[in-house]
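Read the structure below first, then the notes.
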Amino acid sequence: MSKIILLFWDQLLNNNTVLISFTAVLLIIVETPKLRAAFKDGLVITGAMAFSTVSAWIFSYYLSSAAFLLPAIYFLNSLIAVKLIKTGNLLQGNWIAGIKREFIALPALLSLQFNIIERTNYNYQDLIILAAALTTIYLIFIVIAAIKEQLDLKESKKIFHKEYTLFLVLAFLSAVMSGFDFL
Amino acid sequence: MNNNLSLVNKISLLGLLALLTGTGNGVFFALIFTLTLSFSAAVIKIIYLQFEDFFQKKTGEIILWGTGLGISYFLYALLPQIFKSQVEYFNYYFILIGVTPLLYAELKNRSLVNFIINHTLFFDLMLAVSLLRELLGQGSILNYQIFTEPPLSLAANPPGAFLILGLVAFIYEIIINKFKLEKRTANDAELESGVKYE
């Protein structure tokens, strides 16, 4: 297997952005719609994330001497990405505790940028790392949408319909992704 | 699935990133993480209540989020100099405290009791998750070795973070339902603020 494909699988499985680094977990748990709509909505979200990360990659390369400015630039990138997601009719209205729904994309976008920039070496391999991270986010988005739909349909007690059931599923998924290396 | 969220569910979702990431390195880091979060939340709340009209507008809201991020970035630069021996624990997750939803939860609510209850519950959850993860995953508490071999090495890894958070939140939910604490806190908050929270 070529080095590029190995790197892609390594980033997709062993260094999975969502399940190993916890990036965008909240956004995925809260914003996943019904499975049918998730295919399109997932594309909108990963597209906006791609924009913010590529932008962060460019700025971090040219502003490496002024690294203290980077969090502010990532924040501005994230705000633009949130706007892009909102144009796709997602993240509308209010969430809980008086917080707007659009806010939940902010930690996801920021942590993805920090996470990716920490892994980059400013060469062609960065493209593979970025592609693997975005593929991960899209795939987990679809998987969680499917699981949520199944949980809603099941006739189990209401207490099991809450988010901690999803945490247990995510625990199993992340154990599979890491190849049960803790054993 | 997000309808009828319980208080435990709400709090764990509002501080999800901190609950998952802040505990992998042990109880000490979890304590610093939680205290920083609560301190930042208190500062944000005071600023918000001082200039409530401005922060209710769109521009004001973005400035408030930026202020939160600024506070956490400042503490990220400051705290490693105070806790020099623990410097490796302060990574980029620490900056993300500034965009933790719990910081901006129920800002309009002037009830101090409600703020304390929310943050105490978050602190409890964080402490329970980190204690279990450090004890089971590393066999120690506050770096003091209790077991020679970790009883459940899974707990120190990412699958353990999801698993233990799910279990702890489930147990808290049962306890809170049993003592009907949720209804009491919601009533107190609504009576004091006049605002009905979902």
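Whether any residue in the stretch B:36-47 is more than 21 Å from B:Thr120 (Cβ to Cβ), in contact with a Ser or Thr (Cβ under 8 Å, 6 or more places away or on another chain) and either in contact (Cβ under 8 Å) with a residue 24 or more places away in the chain or of a type outside the set (Ser, Thr, Tyr) (or both) is what I want to check.
So the first thing to find is which residues in the stretch B:36-47 are more than 21 Å from B:Thr120 (Cβ to Cβ), and the list is B:47.
Those still in the list that are in contact with a Ser or Thr (Cβ under 8 Å, 6 or more places away or on another chain) too: B:47.
Keeping just the survivors that are either in contact (Cβ under 8 Å) with a residue 24 or more places away in the chain or of a type outside the set (Ser, Thr, Tyr) (or both) gives B:47.
The answer is yes; a qualifying residue exists.
Residue-wise test of (1) more than 14 Å from every other protein chain (Cβ to nearest Cβ); (2) basic (Lys, Arg); (3) within 24 Å of B:Leu19 (Cβ to Cβ); (4) buried (at least 16 other Cβ atoms within 10 Å of the Cβ).
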{"site": "A:Ile5", "(1), (2), (3), (4)": "yes, no, no, no"}
{"site": "A:Thr23", "(1), (2), (3), (4)": "no, no, yes, yes"}
{"site": "A:Ala50", "(1), (2), (3), (4)": "yes, no, no, yes"}
{"site": "A:Thr87", "(1), (2), (3), (4)": "yes, no, no, no"}
Original post:
Restricting the search to the stretch A:160-177, which residues are surrounded by fewer than 19 Cβ atoms within 10 Å (Cβ to Cβ), facing another protein chain (nearest Cβ under 7 Å) and modelled with pLDDT under 80?
Top reply: A:His161
**OP:** Could you grab the pairs with beta carbons closer than 6 Å, sequence gap of 6+ or different chains, first residue in the stretch A:62-81 and within 13 Å of A:Leu112 (Cα to Cα) and away from chain B (no Cβ under 11 Å), second one part of a helix (DSSP H, G or I) and of a type in the set (Phe, Trp, Tyr)?
**Re:** A:Ala81/A:Phe51
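Taking the stretch A:119-149 only, how many residues are assigned to a helix (DSSP H, G or I) and away from chain B (no Cβ under 11 Å)? So that I can check it myself, show each step before the final result.
Taking the stretch A:119-149 and keeping what is assigned to a helix (DSSP H, G or I), we get A:119, A:125-149.
Still in the running and away from chain B (no Cβ under 11 Å): A:119, A:125-143, A:146.
Residues in the stretch A:119-149 being assigned to a helix (DSSP H, G or I) and away from chain B (no Cβ under 11 Å): 21 in total.
Look at the stretch B:135-179 and say how many of its residues are among the hydrophobic types (A, V, I, L, M, F, W, C) and more than 14 Å from chain A (Cβ to nearest Cβ). Steps first, answer last, please.
Filtering the stretch B:135-179 for residues among the hydrophobic types (A, V, I, L, M, F, W, C) gives B:135-136, B:141-142, B:146-147, B:152, B:154-156, B:161-165, B:167-171, B:174-176, B:179.
Still in the running and more than 14 Å from chain A (Cβ to nearest Cβ): B:135, B:141-142, B:146-147, B:179.
Of the residues in the stretch B:135-179, 6 are among the hydrophobic types (A, V, I, L, M, F, W, C) and more than 14 Å from chain A (Cβ to nearest Cβ).
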Subject >> Sole residue being closer than 23 Å to A:Val44 by Cβ, modelled with pLDDT of 90 or more and more than 16 Å from the chain's Cα centre (by Cα), chosen from A:Ile140, A:Ile129, A:Ile99, A:Ile116 >> reply: A:Ile99
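Taking the options B:Glu149, B:Glu173, name whichever one is more than 27 Å from A:Arg119 (Cβ to Cβ), out of contact with any strand residue (DSSP E or B) (no Cβ under 6 Å at 6 or more places or on another chain), crowded, with 17+ Cβ neighbours inside 10 Å and of a type outside the set (Val, Ile, Thr).
Exactly one of B:Glu149, B:Glu173 is more than 27 Å from A:Arg119 (Cβ to Cβ), out of contact with any strand residue (DSSP E or B) (no Cβ under 6 Å at 6 or more places or on another chain), crowded, with 17+ Cβ neighbours inside 10 Å and of a type outside the set (Val, Ile, Thr), namely B:Glu173.
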**OP:** State whether the residues of the stretch A:90-111 include one that is in contact (Cβ under 8 Å) with a residue 40 or more places away in the chain and away from chain B (no Cβ under 12 Å).
**Re:** yes
**OP:** Test each condition in (1) more than 19 Å from the chain's Cα centre (by Cα); (2) within 11 Å of chain A (Cβ to nearest Cβ); (3) surrounded by fewer than 15 Cβ atoms within 10 Å (Cβ to Cβ) for B:Phe74 and report the one that comes out false.
**Re:** (1)
**OP:** Identify, from the list B:Leu13, B:Leu37, the residue that is at pLDDT below 95, under 14 Å from the mean Cα position of the chain (by Cα) and more than 9 Å from chain A (Cβ to nearest Cβ).
**Re:** B:Leu37
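Go through the stretch A:6-118 and tell me which helices (runs of 4 or more DSSP H), entirely inside it, have 2 or more residues that are among the hydroxyl-bearing types (Ser, Thr, Tyr). Lay out the reasoning, then the answer.
On the way: elements: A:25-31, A:35-62, A:70-87.
Of the helices (runs of 4 or more DSSP H) lying wholly inside the stretch A:6-118, those with at least 2 residues that are among the hydroxyl-bearing types (Ser, Thr, Tyr) span A:35-62, A:70-87.
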**OP:** Starting from the stretch B:99-127, take each residue that is more than 8 Å from chain A (Cβ to nearest Cβ) and list its partners that are of a type in the set (Lys, Arg) and surrounded by fewer than 23 Cβ atoms within 10 Å (Cβ to Cβ), counting only C-beta distances under 7 angstrom and pairs at least six apart or across chains.
**Re:** B:Phe115/B:Lys45
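The values are calculated or read from the model by the stated rules, or taken from the named source; none is laboratory data. The structure presented is a predicted model; accordingly, all values stated were derived computationally and were not measured. When we count neighbours, we look across all protein chains shown, and the Cβ atoms used for this are built from the backbone with ideal geometry, even at glycine.
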